[in-house]
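The values are calculated or read from the model by the stated rules, or taken from the named source; none is laboratory data. Given the structure is predicted, the values throughout are model-derived calculations rather than measurements. Positions of Cβ are backbone-derived with ideal geometry, glycine not excepted, and every protein chain shown enters the neighbour counts.
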Amino acid sequence: MSALKRIRDFKAPKDDASAEELRRQLVQLEQNASDMGDAMQQTSMSRLARTSPRIIHDDSCVMAPGQFQLFDTSVTNVSTTFATPQPGDAGKFSFVINLPGSTSNLYLRAPAGRTINGLDHATIATAGNALVFCDGVNYWTVP
């Protein structure tokens with residue numbers, strides 16, 4: 001049985017030495033839980049890198065799994081093409097943001113021979129965003 005499950009067996013200590021030992025154990029438990037949460041976040045939730053430091057207003061952007069980008073479609077429709085995924089990209093996400101105030105659509109284009117939701121592109125409506133999952137072969141928008 002893990003130490004976390006044994007917490008429910010807590011009994012109030014009757015002497016100062018036992019109380020101090022309990023305090024020490026609770027501090028250690030708190031640290032262990034914090035370390036475990038940090039480790040889970042680092043291994044399970046990769047950090048997204050920005051594709052370009054500028055806001056994209058044209059069709060010049062190519063996105064790879066594990067990236068995010070801001071788009072402004074306030075003047076015209078904008079397209080971004082995703083890079084051809086590799087097997088090591090399986091499980092990575094990308095995030096696209098069509099900024100508030102945008103009045104046109106953002107088109108997410110699949111690379112040649114690949115798909116997004118089974119199609120050659122997906123449309124992000126005005127001032128919307130999309131989380132895109134890569135399975136190492138194709139891309140899928142997450143509802």
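Structure above, values below:
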| quantity | calculated |
| --- | --- |
| Identity of the residue in the range 99-133, more than 24 Å from Thr84 (Cβ to Cβ) and either among the β-branched types (Val, Ile, Thr) or not assigned by TED's automatic domain parsing to the domain that holds Asp59 (or both), that ends up surrounded by the most Cβ atoms within 10 Å (Cβ to Cβ) | Thr126 |
| Single unsatisfied condition, Met36 versus (1) surrounded by 19 or more Cβ atoms within 10 Å (Cβ to Cβ); (2) without any contact (Cβ under 8 Å) to a residue 12 or more places away in the chain | (1) |
| Options Gly66, Gly101; residue that is in contact with a strand residue (DSSP E or B) (Cβ under 8 Å, 6 or more places away or on another chain) and on the phi > 0 side of the Ramachandran plot | Gly66 |
| Complete set of residues in the range 93-117 that are of a type outside the set (Val, Ile, Thr), part of a loop (DSSP other than H, G, I, E, B) and closer than 18 Å to Pro65 by Cβ | Ala110, Pro111, Ala112, Gly113, Arg114, Asn117 |
| Search result, residues across the range 118-143 that are of a type outside the set (Ser, Thr, Tyr), assigned to a loop (DSSP other than H, G, I, E, B) and in contact (Cβ under 8 Å) with a residue 40 or more places away in the chain | Asp135, Gly136, Val137, Asn138 |
